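Data block below; observations after.
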Amino acid sequence: MSKPQTPSEPWSLGRMKVLALALLLMAAVVYVGATLMGDRHPAWGYVAAAAEAAMIGALADWFAVVALFRHPLGLPIPHTRILPANKDRLGQRLAEFLDQHFLTRDRVDDALSRWDMSGDLVGWLAVPANRARVADGLADALPDVLAALRREPVPGWVARASRRLVRELDVAALGGQALQALTEHRHHQRWFDSVAGELADWAARESVQEHLTEAIARELAKLRYVGLDQVAARLATRKLVAALTRMLAEAVADPQHVWRLRFDAWMSEAAQRLQGDAAWQAQAAGWRDTWLAQPRWDEAVQAWWIELAERLRTDLRAPDSRLVERLGTLLDTLVDQLAGDQDLRQGLNRQMRQALLSALDRSRPAIVDFVAERVRAWDADEMGAVLETHIGRDLQFIRINGTVVGALVGVLLHAATQWWLR
């Protein structure tokens with residue numbers, strides 16, 4: 001299998017073989033002619049010696065070159081067809097060489113430390129056409145990705161993962177910290193104002209007060225030992241409902257109202273006990289586990305996940321997709337932030353370098369095994385043909401050089417012999 005000739009390689013493997021063979025045949029013709037003409041002049045002896053040595057050198061180097069890839073003349077001569085016969089061992093040595101000299105952590109880290117990955121990324125994304133290509137590529141790929149995320153086993157895995165993550169949460173401590181943050185910034189009072197205000201507005205409605213009065217009056221009338229008739233019960237109840245309504249309105253209007261102060265105290269106490277009271281923490285953990293033990297937990301989470309993926313997928317397909325618009329905005333923001341923040345770029349480079357090095361550490365044995373396995377799986381004859389295609393052209397120079405050097409050595413040996421015989 002010879003490598004096709006290209007304009008950059010005027011002397012292909014086939015031409016080099018023809019040239020080496022032509023030199024051998026020429027040396028043979030010169031040897032025959034010089035031998036026949038030897039009696040006519042002493043110079044023909046030098047010519048014959050040079051041609052004879054050239055043939056020997058050419059044949060010896062031809063044998064050596066051919067023996068690397070195949071049996072010379074098809075004869076199973078020992079220690080020939082060297083490369084195919086040692087394919088598996090060469091593959092293992094190649095894999096070990098890559099592991100020990102190319103894939104070492106120090107060498108890769110040194111190369112990565114000189115590579116400004118984030119800077120190259122910013123430079124490439126700074127071109128609007130490149131950003132548009134990235135956004136379009138993401139928009140084209142995301143629907144298929146989201147469709148795959150809707151199919152099993154992904155929803156089941158999300159449900160199991162969410163259950164595991166929630167089970168590992170210290171809900172009491174998180175709740176206590178949340179309440180503490182609310183109280184420190186007085187956000188809980190907004191909740192109080194909202195809830196108490198809604199209740200006050202609701203209770204102030206005539207229809208509501210009438211309904212409450214009627215309901216409470218009926219209950220009081222059933223209690224015979226109270227001693228109230230229906231009219232008295234309605235009157236007392238009406239006053240009670242009105243008093244409660246006024247107290248709700250006062251609590252909303254008065255920052256120092258007793259209900260508001262008690263709500264402050266309860267929130268502070270709850271925040272502290274959730275973070276430090278073992279009984280409260282155990283009760284919160286029990287509520288969490290009871291919630292997770294619901295038989296329809298997985299079904300609900302899977303339905304939520306599928307609905308979310310489908311909504312995003314539908315949005316991506318819309319002509320005026322907000323998600324696609326957000327992708328473009330996100331890329332613009334990313335480029336601006338990276339371009340203007342050198343510390344951010346350096347930090348990103350460190351993170352990416354550590355990620356690549358960690359991936360290399362995990363993958364190195366697999367890479368070594370993969371290289372060795374691929375070479376073992378390679379057909380021996382095909383491997384020999386491929387290697388000969390890539391290095392055979394240079395090996396033909398060995399045959400040519402052997403022919404030329406052999407001729408020179410032949411001349412020198414013939415001259416030394418003639419001098420010695422004198």
Gyration tensor (alpha-carbon) shape descriptor, the range 91-167, a/c threshold 1.5: oblate
Between the range 12-43 and the range 346-368, the alpha-carbon center distance in angstrom: 60
Among 124, 366, 252 the positive-end extreme of the charge dipole of the chain (Cβ point charges): 366
Theoretical ellipticity at 222 nm over the chain - DSSP helices of four or more residues, -39500 (n - 2.57) apiece, nearest 500: -28000 deg cm²/dmol
Cα centroid of the range 142-177 to Cα centroid of the range 313-334, whole Å: 24
Rg(Cα)/(2.2 N^0.38 Å) for the range 277-356, N = residue count: 1.86
Alpha-carbon spread of the chain, three principal axes, descending order, Å: 160, 44, 42
Taking the chain and dividing mean pair separation by its residue count, relative contact order in percent (alpha carbons under 8 Å, at least six apart): 39
Footprinting exposure proxy for 71, 41, 414, 79 (fewest neighbouring C-beta atoms within 10 Å first): 79, 41, 71, 414
Cα-based helix-to-principal-axis angle, 322-340 vs the chain, degrees rounded to 10: 70
Ranked list, fewest to most other Cβ atoms within 10 Å of each Cβ, for 343, 254: 343, 254
Separation of the residue 317 and residue 115 label points, Cα + 7 Å toward Cβ, nm: 3.9
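None of the figures in this text is laboratory data; all of them are computed from the coordinates on show. As the structure is a computational prediction, the values presented were derived from the model and not from experiment. Please note: Cβ atoms are built from the backbone with ideal geometry, for glycine as well, and neighbour counts cover all protein chains shown.
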